[in-house]
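Rule-based calculations on the coordinates, nothing more; no lab input. These figures come from a predicted structure and were not determined experimentally. Because the Cβ atoms are built from the backbone with ideal geometry, glycine has one as well, and the counts that use them run over all protein chains shown.
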Amino acid sequence: MLKVLESRILVFLLIATCMSAAAAEQRPIKVSTSDGSINFLLTSDVLSTLENTSFNATLPATDEAVRHVSGPLIRDVIKASGAPMGDLILKAFDGYEVVLPASDYKNIDVILAYKIDGKRFSLRERGPAWVVYPNEAYPELKGELYASRSVWQMSEIIVE
Ligand SMILES: Nc1nc2c(c(=O)[nH]1)N[C@H]1C(S)=C(S)[C@@H](COP(=O)(O)O)O[C@H]1N2
Ligand SMILES: [Mo]
């Protein structure tokens, strides 16, 4: 009897451990509207259905080296969520928060980069996702204004 109970507890612990590991690894970005009508999770399953865009860019607050970044276009993420193309409040795991105007992601190929130089990057490497502007092809996108919208450790998007 005790053996059965023990093995059940063991199986439960094993499943719980696997589930929390998977959840921690995914950290899906939440996309919602400020009126609460849309609540969408950008899971890895959803991500795999979105087209990937790649380009070279420098990342703010790094060594300013040129990196190869890839991920879905922000406008495709918003489309996938079913939310209207409004201004975005971007939130990060470190508490950082900034507005990304709709005109930016409509007119510029801003991406939600999940890979830097071909690799996923962890929370301590400022992952799992970083908003990146194509600032190598368009140097006018360098500088403080666009740097401030280049949010790392992305956790949430609220569409206004
Ligand atoms: N998650 C997160 N992203 C962020 C920031 C931040 O504090 N946290 N700072 C922003 C600002 S204001 C700028 S100018 C650039 C570079 O930040 P830094 O030079 O202050 O490090 O990253 C942007 N992205
Ligand atoms: Mo900044």
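Below 8 Å, C-alpha to C-alpha, sequence gap of six or more: please give me the relative contact order for region 27-159 in percent. Intermediate results must be reported in sequence, preceding the final value.
On the way: 275 pairs, mean separation 39.5, N = 133.
Contact order relative to length: 30 percent.
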- Item | Cβ-based charge dipole, region 27-159, positive-most Cα from Ala57, Ser44, Ile89 | Ser44
- Query: How far apart, in nm, are the 7 Å Cα→Cβ label points at Ile89 and Ile38?
  - Reply: 1.6
- Task: Please report Leu42, Leu123 as a ranked list, fewest other C-beta atoms within 10 angstrom at the top and most at the bottom.
- Result: Leu123, Leu42
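Using only alpha carbons, build the gyration tensor for region 27-159 and give me the equivalent ellipsoid semi-axes, biggest first, whole Å.
Details: eigenvalues 91, 51, 40 Å².
Equivalent ellipsoid semi-axes, largest first: 21, 16, 14 Å.
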